[in-house]
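The next block holds one structure in the form of structure tokens; read it before the comments.
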Amino acid sequence: MNTVRTADEEQVGAQKVALVTGAGSGIGRAVAVELLAAGWSVVLAGRRVETLEETASRAPAGSATTLPVRADVSRPEDVAALFDAVRDRFGRLDLLFNNAGTFGPGGVPVEDLPYEAWRHVVDTNLNGAFLCAQAAYRQMKEQSPQGGRIINNGSISAHTPRPHSVAYTATKHALTGLTKSLSLDGRPHGIAVGQIDIGNAATDMTAGMRTGALQANGETAPEPVMDVADVARTVRHMAELPLEANVQFATVMATAMPYVGRG
């Protein structure tokens, strides 16, 4: 019979296994490298194997095992194959960092946004997160010892939108509902679910913010950014809590970004 792990079992035992989606760049890469440095075995998932292998090459010498797996999280068959690979290689899963996502076309007014673009963002950010969480939930419920943790990558946009970001913002608001529902349903099985909402981490995707980003008043202004390593350390902290404790929501942002109040 499966049992929920105790705090002692969380700290002592077999090497923990994490799956990071969108691990080929940006936040996913930083989190994967941070977990590897902390001794986790990490499954690296993404659409391009070459970028996943680049992430693996950045792991500190002597760190734990990596397993790059090509997967498009918006495709149910890819997600099924991804979790089969996790099970075949490691036999269990302790952490899913549900990170894969896309902004979609930037700066497009809602009346001009093509349906195909809307659908692409929804399929990646929301449907992909659901598919991975569902597969992780099944694995964590069935494995022994039972349980594990899911951390969803939300966004500052899960609270407040930027101009012309209807698809991205809608999916990030929906992700908050997914997090809450998964957190509730996971309780009987020792599955802890939380969300990290990130604002202006310095990655290739946010490089334009340092030169100028559209503001709510219609002006374009540069915005401060923070080191993506600070995000990675926060995810690691959330991940390494015993399953009796959970960071339900965390917000990590560049201190001076125009988000709180009137900027």
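The values are calculated or read from the model by the stated rules, or taken from the named source; none is laboratory data. What you are looking at is a predicted structure, and each value in this text was computed from that prediction instead of being measured. As a convention, Cβ positions derive from the backbone with ideal geometry for all residues, glycine included, and neighbour counts pool all protein chains shown. Calculation scope for accessible area: heavy atoms of the full protein, side chains included, ligands and nucleic acids excluded. Shrake-Rupley method; radii C 1.70, N 1.55, O 1.52, S 1.80 Å.
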Open item on the list: How big is the dipole moment of the chain about its Cα centre under a simple scheme where the beta carbon of each Lys and Arg is +1, that of each Asp and Glu is -1, and everything else is neutral? Debye, nearest 20, please.
Closed with: 260
- [ ] May I ask you to give the percent of accessible area on the chain that is carbon plus sulfur, with a probe radius of 1.4 Å?
- [x] 52
Open item on the list: Keeping all protein chains in place and using 1.4 angstrom, which order do Val69, Val31 fall into by accessible surface area, from largest down?
Closed with: Val69, Val31
Task: Net length gained if the chain between His120 and Asp84 were fully extended (0.36 nm per residue, minus Cα distance) - done: 10.5 nm
- [ ] Over the chain, calculate the relative contact order: mean separation of alpha carbon pairs under 8 Å at least 6 apart, over the residue count, as a percent.
- [x] 19
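Only bridges with both residues in the chain count here: give the DSSP antiparallel percent, nearest 5. Don't skip to the answer; put the middle values down first.
Working: 2 of 32 bridges.
Bridges in the chain that DSSP calls antiparallel: roughly 5 percent.
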Open item on the list: Under a crude label model (7 Å from the Cα following the beta-carbon direction), how far is Val260 from Thr211 in nanometres?
Closed with: 3.0
Task: Positive dipole terminus of the chain, leading residue within Gly154, Trp40, Ala245 (C-beta point charges) - done: Ala245
- [ ] Kindly provide the helix-only [θ] at 222 nm of the chain, computed as the sum of -39,500 (n - 2.57) over DSSP H runs of four or more divided by all residues, to the nearest 500 deg cm²/dmol?
- [x] -11500 deg cm²/dmol
TODO: At a Cα cut-off below 16 Å, give the aspartates and glutamates reachable from Lys180, other chains included and same-chain residues fewer than 8 away excluded.
DONE: Asp197
Task: Rounded to the nearest 10 Å², the accessible area of Glu142 at probe 1.4 Å - done: 130
TODO: Please calculate how many Å² of accessible area segment 89-158 carries per residue, with a 1.4 Å probe and no DNA, RNA or ligand atoms counted.
DONE: 40
- [ ] Please calculate the 1.4 Å probe accessible area of Lys141, with all protein chains present, and give it to the nearest 10 Å².
- [x] 90
